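Okay, structure first, notes after.
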Amino acid sequence: MTTNRMVRAASASLAALLLTGTALAADLPALGPLPPAPAPSDNPTTPAKVELGKKLFWDGRLSGNGSMGCVACHSPDLGWGTGGAISFGYPGTQHWRKSQTVLNSAHYNKLFWEGSVTSLEGQAEAAAEGGVAGNGDSAMMEMRLRLVPEYVAEFKKVFGTEWPHISDAWKAIAAFQRTLNSDPEKVPFDRFMKGDQTAISAEAKRGLDLFKGKAGCVSCHNGPLLSDQSFHDTGVPDNPVFQTDPHYQITLRWQHYQKGVAEDYYRKGTTDDGLYYVTKRAEDKGKFRTPSLREIAYTGPYMHNGVLETLEAVVEFYDKGGGESRSGTKTLKPLGLTEQEKKDLLAFLGTLSMDQPLTVKEPTLPESRPLPRAGTTASEAPAAKPASSHAHHMQATPAAAPTKKKD
Ligand code: HEC
Ligand code: HEC
């Protein structure tokens, strides 16, 4: 009798457990190829705008010193990031976070590790003006564009204005970034999801089952982007440089100040608190936006501060149940994966990137010319060479978070 009841109770709760599991998986946005990148109605993507935006992405004139254009920290050769753990910053400063890839960024509804900006247009401005990123002054950057005859003509064609407006520069850059997406034809996992059973190995197929099942990754990494676009405290440990290097500490304090935390907190704070800066709620400390897992073969090291060097290290991190909670709630539990299961999971993670990294042909930047004196034409004036960001991006100076409203 007792035994029967116990058995019945046990199987009922097991069934409930299985049901919850199934219900959970079924409720989550399904994995699959990315749809075309959405564009806002006030900034439709056109080929001419994309061409212009590509040049501007490369153009150091959209930064304070003429050398820190977007490409300086989002290099196509380095997964459209800096390739390092924490990004370098505007010369003379140190950034405090890892440079995110701009690939597939059009698919996020909130940008930056703490989700502080909601459009690529707003993000471009924040980056170009941010004190540890581009450190540019809007009016100065706009003047620079106005003294480039080729830009004057292109802005007129694309935006219909007599002179380039800096806000249109951000629109063009956003339009260019909307073209930087994983191509489903070139991603093994996407080919598999479209029905090609041979596109991924048996190991990777087992890894997919673990991802959706035992390892529970899909509860946060879901949908075509493999991100729930939400914020979680996984307990990623601090990057030790914040204990040893004053440049990082300067930026951390400066960020705290910019982001308006309480004075005591600003003086004593030693950690990057992520979403907390946006909400100022204690339970949001240590929460960061779930990153997409697309193109991760090219974008290591991993996490907001690059502390996990390899995907093997990431899998070990999750297998142990993540790190210490900062928000007060432990989100992850130890997974108890076998060595083979870890390999399977890694094999699956290996199917989420394009066969070859996405690169584009570097644009040729147009030259600045002095405005014509009365009675002459612009073409008679001598040309000045543009300062390219590109030569600069390996510089080992500290790195980048934009200011105030910016990141
Ligand atoms: C000094 C290096 C640096 C420069 C210059 C720079 N960025 Fe970034 N970028 C970063 C870092 C670091 C982050 C992550 C910052 C954070 O989350 O606080 C980032 C984040 C981003 C993101 C967010 C991606 C995501 O997944 O949310 C986009 C988009 C982006 N940058 C585009 C640009 C554009 C456009 C420019 C030029 C106008 C630019 N960046 C200039 C370093 C830089
Ligand atoms: C509770 C939600 C959650 C779960 C479950 C989860 N992740 Fe994450 N994942 C995140 C967040 C949030 C980050 C960013 C953390 C940070 O930077 O501090 C992240 C980061 C990553 C990164 C680094 C990506 C990059 O660009 O730096 C990888 C890889 C990753 N997760 C894989 C996995 C795998 C594999 C699993 C399952 C074993 C998993 N995640 C389970 C939320 C989750």
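Of everything in region 204-220 that's of a type in the set (Gly, Ala, Ser) and surrounded by fewer than 20 Cβ atoms within 10 Å (Cβ to Cβ), which residue is nearest to Glu114 (Cα to Cα)?
Once the filter is applied, the top-ranked residue is Ser219.
Taking only pairs six or more apart or across chains, which ones have beta-carbon atoms under 6 Å, a first residue in region 246-267 that is at negative phi, and a second residue that is surrounded by 12 or more Cβ atoms within 10 Å (Cβ to Cβ) and among the charged types (D, E, K, R)?
Pairs that qualify, where the first residue is at negative phi and the partner is surrounded by 12 or more Cβ atoms within 10 Å (Cβ to Cβ) and among the charged types (D, E, K, R), are Gln258/Lys404.
Looking at (1) surrounded by 11 or more Cβ atoms within 10 Å (Cβ to Cβ); (2) without any contact (Cβ under 8 Å) to a residue 40 or more places away in the chain; (3) away from ligand 2 (no atom under 13 Å from the Cβ), find the lone condition where Glu362 falls short.
(2)
Scan the helices (runs of 4 or more DSSP H) fully inside region 216-333 and keep the ones with 2 or more residues being within 16 Å of ligand 1 (Cβ to nearest atom).
In region 216-333, the matching helices (runs of 4 or more DSSP H) lie at 241-244, 246-258, 276-279.
Residue under question is Asp137, and the condition is that it be away from ligand 2 (no atom under 16 Å from the Cβ), modelled with pLDDT of 95 or more, under 30 Å from Ala347 (Cα atoms) and touching a Gly at 6+ places or on another chain (Cβ under 9 Å); does it hold?
Taking the combined requirement at face value, the residue does not satisfy it.
Out of all the residues in region 249-264, is one or more within 20 Å of Leu308 (Cα to Cα), of a type outside the set (Phe, Trp, Tyr), surrounded by fewer than 17 Cβ atoms within 10 Å (Cβ to Cβ) and not assigned by TED's automatic domain parsing to the domain that holds Thr118?
Looking for residues that are within 20 Å of Leu308 (Cα to Cα), of a type outside the set (Phe, Trp, Tyr), surrounded by fewer than 17 Cβ atoms within 10 Å (Cβ to Cβ) and not assigned by TED's automatic domain parsing to the domain that holds Thr118, one finds none in region 249-264, hence no.
The conditions are (1) buried (at least 20 other Cβ atoms within 10 Å of the Cβ); (2) within 16 Å of ligand 1 (Cβ to nearest atom); (3) outside the structural domain of Glu154 (by TED's automatic domain parsing); (4) not hydrophobic (A, V, I, L, M, F, W, C), and Lys171 fails exactly one of them. Which is it?
The single condition Lys171 does not satisfy is (3).
Look at region 334-346 and say how many of its residues are over 23 Å from the mean Cα position of the chain (by Cα) and part of a helix (DSSP H, G or I).
Result for region 334-346: 6.
State which residue pairs qualify: first residue assigned by TED's automatic domain parsing to the domain that holds Ala127 and inside region 86-101, second residue more than 15 Å from ligand 2 (Cβ to nearest atom) and of a type in the set (Asp, Glu) in any location, beta carbons under 6 Å apart, and separation of 6 or more residues or different chains.
Every condition considered, no pair remains.
For Gly115, state whether it is under 30 Å from Tyr248 (Cα atoms), modelled with pLDDT under 95, assigned to a loop (DSSP other than H, G, I, E, B) and within 16 Å of ligand 1 (Cβ to nearest atom).
When the stated conditions are applied, Gly115 passes them.
If you take the residues of region 317-351 that are of a type in the set (D, E, K, R) and more than 23 Å from Leu225 (Cα to Cα), which of them is farthest from ligand 2 (Cβ to nearest atom)?
Step by step, filter region 317-351, then rank; the result is Glu339.
Residue pairs, Cβ under 8 Å, 6 or more apart or interchain, first in region 128-141 and within 17 Å of Ala172 (Cα to Cα), second of a type in the set (Phe, Trp, Tyr) and not in a loop (DSSP other than H, G, I, E, B). List them.
Hits for this filter: Ala128/Trp170.
Do we find a residue being among the hydroxyl-bearing types (Ser, Thr, Tyr), more than 20 Å from Gly286 (Cβ to Cβ) and surrounded by fewer than 17 Cβ atoms within 10 Å (Cβ to Cβ) anywhere in region 221-237?
Looking through region 221-237, none of the residues is among the hydroxyl-bearing types (Ser, Thr, Tyr), more than 20 Å from Gly286 (Cβ to Cβ) and surrounded by fewer than 17 Cβ atoms within 10 Å (Cβ to Cβ).
Go through (1) in contact (Cβ under 8 Å) with a residue 24 or more places away in the chain; (2) more than 22 Å from the chain's Cα centre (by Cα); (3) outside the structural domain of Met193 (by TED's automatic domain parsing) for Lys330 and report which single condition fails.
(3)
Filter the helices (runs of 4 or more DSSP H) completely within region 121-209 down to those with at least 1 residues that are under 29 Å from Leu337 (Cα atoms).
Where helices (runs of 4 or more DSSP H) fall fully within region 121-209 and carry at least 1 residues being under 29 Å from Leu337 (Cα atoms), they are 188-193.
Filter region 233-265 down to the residues that are touching a strand residue (DSSP E or B) at 6+ places or on another chain (Cβ under 6 Å) and closer than 30 Å to Ser182 by Cα and list them by number.
Asp233
On the basis of being modelled with pLDDT of 95 or more and assigned by TED's automatic domain parsing to the domain that holds His221, does His304 make the cut?
Criteria met by His304.
Considering only residues that are polar (S, T, N, Q) and crowded, with 21+ Cβ neighbours inside 10 Å, look in region 291-318 and name the one that is farthest from Leu358 (Cα to Cα).
Across region 291-318, the extreme among qualifying residues is Asn305.
The values are calculated or read from the model by the stated rules, or taken from the named source; none is laboratory data. Quick caveat: nothing in here was measured; it's all calculated off a predicted structure. Cβ: placed from backbone, ideal geometry, glycine included. Neighbour counts: every protein chain shown.
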